Amino acid sequence: MTVQHGRRVDVIVVGGGLAGLAATQRLAAHGLSVALLEKRDRLGGSSAMSGGWFALSDTAIQRRAGVEDSAALFVADMVETGGGFADEGLLHRLAERQAHAVAAIDRAAAWTDELKVSAGMTVARAHLVRIRDLLAFLEHEAVTAGAAILPSHAADELVWDGTRVVGIRSENGDLDARAGVVLTTGGFSRSRELLELFVPDQATAMPYGGIGNAGDGLRMAWMLGAGLADIGHVSGTYGQHADTTDDEHELLTANYLGAILVNAHGERFADESESYKILGSAVLSQPGRMAFQVFDSVVRARSKPGVPLADMERIEELGHLASAPTIAALEHTLGIPAGRLEHTVGQYNESVSGRRADGFGRTGLVNGVGTLVPVEAAPFYAYPAVTAMTSTYGGLSVAPDTSVTRVDGRPINGLFAAGEVVGGFHGASYMTGTALTKALVFGLEAADAIARG
Ligand SMILES: Cc1cc2nc3c(=O)[nH]c(=O)nc-3n(C[C@H](O)[C@H](O)[C@H](O)COP(=O)(O)OP(=O)(O)OC[C@H]3O[C@@H](n4cnc5c(N)ncnc54)[C@H](O)[C@@H]3O)c2cc1C
């Protein structure tokens with residue numbers, strides 16, 4: 001379908017990551033005419049850069065692995081992780097509609113068998129999906145069903161007719177929308193200005209995520225009085241090398257496999273099993289805003305090549321993993337004052353063996369789950385990592401049907417939002433895999449809500 005300047009479609013979707021592609025595919029499948037606008041010259045956004053972990057409960061993969069999980073436990077873990085700040089109405093809708101996401105991944109044949117426990121989870125719930133296959137599948141289905149996909153077409157402003165949103169303005173051509181506009185513009189990880197406004201203590205994190213993710217959707221919706229949720233809780237993710245390029249992320253959480261984290265003085269500063277968002281904040285206040293993931297050959301052997309967050313081979317290939325035959329040699333290599341790392345490791349090993357209580361309360365590998373291992377089997381390794389602003393999980397306030405709500409809670413007629421541009425799900429912290437799950441579930445939900453009228 002070609003779309004000319006001033007042309008009218010049923011629905012405009014703004015932003016071509018996972019949420020936008022899911023909404024576009026489903027709208028087209030409902031028989032609605034839809035135009036997907038993408039600011040960059042290619043689709044994908046943060047979704048295409050991501051690790052591909054989806055948090056899902058009570059799946060066939062979990063059942064095969066003997067993991068007992070349920071929608072109720074998923075919601076309870078989210079509420080707990082979010083420190084009571086998450087909107088439970090949104091979480092229940094997420095759990096109710098999860099089947100739509102599972103069906104989309106099924107149709108895309110994008111599952112892998114990888115399943116793990118990660119930040120915020122009490123059971124293994126992070127499912128690794130071939131995210132690029134899923135995105136390509138959704139795009140193909142959307143185009144086949146007649147959707148117009150318009151790259152290099154940034155939306156600049158929403159058009160309000162006095163009662164509802166009826167289109168968008170863009171330098172590349174205005175468009176009218178009969179049934180609604182869906183904002184799927186991602187977060188604001190690339191806007192230093194917005195980070196300084198909302199979370200100034202996080203603004204020094206390494207900017208990451210889709211290069212087009214500058215908070216455009218937030219600004220457009222604010223102009224119409226949209227409310228915000230969770231925005232002050234946004235935090236960077238610990239675990240990326242300072243020299244990482246946009247082409248390939250280098251996130252590693254060896255701490256969830258047994259590593260300890262030490263600062264440039266060789267001192268521990270946190271419970272390493274905490275969420276990498278909480279650790280991200282802690283690392284920003286360490287000297288040089290960095291921390292080493294220090295581990296031994298036992299943890300090194302737990303590496304999973306090709307599996308995001310656990311792939312030490314790739315980090316080594318990139319020349320970013322230091323190693324040494326002894327802890328003393330490692331601390332010398334890292335520039336840590338002599339004896340400090342040896343002392344820290346000695347104390348940690350005593351707490352692992354139960355001879356002393358851990359000074360930071362660490363009792364498990366991740367989120368309190370998993371048996372701790374001492375750092376004792378040579379050779380020894382260290383990965384120097386910083387906090388990266390990969391995603392900003394606070395954003396617009398929405399109702400469970402994805403309609404954007406005003407500061408006073410009333411809906412903004414004709415305006416819907418899904419994905420990272422939306423807040424309310426996570427509260428104070430973040431469970432691994434919930435950003436992609438929410439983008440997929442609520443991209444589809446926005447389409448269904450519009451189709452329901
Ligand atoms: C390195 C990395 C690893 C990650 N790993 C995971 C993971 O394993 N699991 C997980 O759950 N989450 C992960 N995340 C977070 C997750 O990827 C994102 O939250 C999610 O992909 C957001 O999807 P989205 O569709 O909302 O936005 P995006 O995929 O970012 O898409 C938004 C799109 O909107 C476009 N856009 C912006 N403004 C405009 C405009 N004005 N007009 C038109 N287009 C516009 C952008 O260019 C972009 O293409 C990761 C993020 C990163 C960066």
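Checked against the criterion of being part of a helix (DSSP H, G or I), open to solvent by 30 Å² or more (accessible area, probe 1.4 Å) and either within 16 Å of the ligand (Cβ to nearest atom) or closer than 20 Å to LEU37 by Cα (or both), the stretch 127-134 contains one or more residues that satisfy it. Take ASP448 and tell me if it is more than 9 Å from the ligand (Cβ to nearest atom) and under 14 Å from LEU27 (Cα atoms). Judged against the criteria, ASP448 is a match. Being within 11 Å of the ligand (Cβ to nearest atom) and crowded, with 16+ Cβ neighbours inside 10 Å is a condition met by at least one residue of the stretch 136-145.
The rows are residues; the columns are (1) open to solvent by less than 20 Å² (accessible area, probe 1.4 Å); (2) in contact (Cβ under 8 Å) with a residue 60 or more places away in the chain; (3) near the ligand (Cβ under 6 Å from one of its atoms).
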position: VAL11; (1), (2), (3): yes, yes, no
position: ARG26; (1), (2), (3): no, yes, no
position: ALA35; (1), (2), (3): yes, yes, no
position: ARG40; (1), (2), (3): no, yes, yes
position: LEU43; (1), (2), (3): no, yes, no
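Among residues of the stretch 415-432 that are in a strand (DSSP E or B), those with a beta-carbon under 6 Å from a residue that is open to solvent by 10 Å² or more (accessible area, probe 1.4 Å) and more than 14 Å from the ligand (Cβ to nearest atom) at least six positions away or on a different chain give the pairs PHE416/SER403. For ASP174, state whether it is among the charged types (D, E, K, R), farther than 30 Å from VAL307 by Cα and at pLDDT below 95. Here the answer is yes, as ASP174 does meet what is asked.
One residue alone among THR437, THR392, THR432, THR402 is under 20 Å from the mean Cα position of the chain (by Cα), more than 11 Å from the ligand (Cβ to nearest atom) and closer than 22 Å to GLU88 by Cβ, and that residue is THR402. ALA177 meets the conditions (1) part of a strand (DSSP E or B); (2) within 18 Å of ASP216 (Cβ to Cβ); (3) touching a helix residue (DSSP H, G or I) at 6+ places or on another chain (Cβ under 6 Å) in every case but one. The failed one is (3). Note on the stretch 1-85: enclosed helices (runs of 4 or more DSSP H) holding 2 or more residues that are within 18 Å of the chain's Cα centre (by Cα) are 18-29, 45-49, 71-81. Within the stretch 150-171, the set of residues being among the β-branched types (Val, Ile, Thr) and either open to solvent by 40 Å² or more (accessible area, probe 1.4 Å) or free of Cβ contacts under 8 Å to residues at least 24 places away in the same chain (or both) comprises VAL159, THR163.
Filtering the stretch 290-333 to residues that are over 24 Å from the mean Cα position of the chain (by Cα), without any contact (Cβ under 8 Å) to a residue 60 or more places away in the chain and assigned to a helix (DSSP H, G or I) leaves GLU316, GLU317, ILE327, ALA328, ALA329, LEU330, HIS332, THR333. If you filter the stretch 200-210 down to residues that are more than 7 Å from the ligand (Cβ to nearest atom) and under 17 Å from the mean Cα position of the chain (by Cα), you find that the one that is nearest to THR184 (Cα to Cα) is PRO207. Within the stretch 405-429, the set of residues being open to solvent by 10 Å² or more (accessible area, probe 1.4 Å) and within 11 Å of the ligand (Cβ to nearest atom) comprises just one member, GLU420. Confirm whether VAL375 is more than 9 Å from the ligand (Cβ to nearest atom) and over 27 Å from GLN286 (Cα atoms). Spelling it out, it is not the case that VAL375 is more than 9 Å from the ligand (Cβ to nearest atom) and over 27 Å from GLN286 (Cα atoms). Screening TRP222 on (1) over 29 Å from ALA108 (Cα atoms); (2) crowded, with 24+ Cβ neighbours inside 10 Å shows it passes everything except condition (2). Residues that are within 23 Å of the chain's Cα centre (by Cα), modelled with pLDDT under 95 and farther than 30 Å from VAL102 by Cα do not occur anywhere in the stretch 186-194.
Pairing residues of the stretch 240-269 that are closer than 24 Å to VAL373 by Cα with residues that are modelled with pLDDT under 95 and part of a helix (DSSP H, G or I), at Cβ distances under 7 Å and at least 6 apart in sequence or on separate chains, gives THR253/TYR276. TYR238 meets the conditions (1) within 22 Å of GLY120 (Cα to Cα); (2) open to solvent by 30 Å² or more (accessible area, probe 1.4 Å) in every case but one. The failed one is (2). If I ask for residues that are among the hydrophobic types (A, V, I, L, M, F, W, C) and open to solvent by less than 20 Å² (accessible area, probe 1.4 Å), which ones from the stretch 252-286 would you list? Within the stretch 252-286, LEU252, ALA254, ALA259, ILE260, LEU261, VAL262, ALA270, LEU279, VAL283 meet the criteria. The residues in the stretch 236-267 that are within 13 Å of the ligand (Cβ to nearest atom) and assigned to a loop (DSSP other than H, G, I, E, B) can be counted, and the count is 11.
Quick check, is SER57 out of contact with any strand residue (DSSP E or B) (no Cβ under 8 Å at 6 or more places or on another chain), within 30 Å of GLY306 (Cβ to Cβ), open to solvent by less than 20 Å² (accessible area, probe 1.4 Å) and within 16 Å of the ligand (Cβ to nearest atom)? The answer is yes for SER57.
Evaluated against (1) open to solvent by less than 10 Å² (accessible area, probe 1.4 Å); (2) in a strand (DSSP E or B); (3) under 29 Å from LEU309 (Cα atoms), THR437 falls short on exactly one condition, (2).
Residues that are touching a Ser or Thr at 6+ places or on another chain (Cβ under 9 Å), in a loop (DSSP other than H, G, I, E, B) and of a type in the set (A, V, I, L, M, F, W, C) within the stretch 268-281 comprise just one, PHE269.
The values are calculated or read from the model by the stated rules, or taken from the named source; none is laboratory data. Note that the coordinates shown come from a computational prediction; the quantities given were computed from them, not determined experimentally. Don't worry about glycine lacking a Cβ; one is built from the backbone with ideal geometry, like all the others, and counts go over all protein chains shown. What goes into the accessible areas is simple: the full protein's heavy atoms, side chains included, and nothing from ligands, DNA or RNA. Shrake-Rupley method; radii C 1.70, N 1.55, O 1.52, S 1.80 Å.
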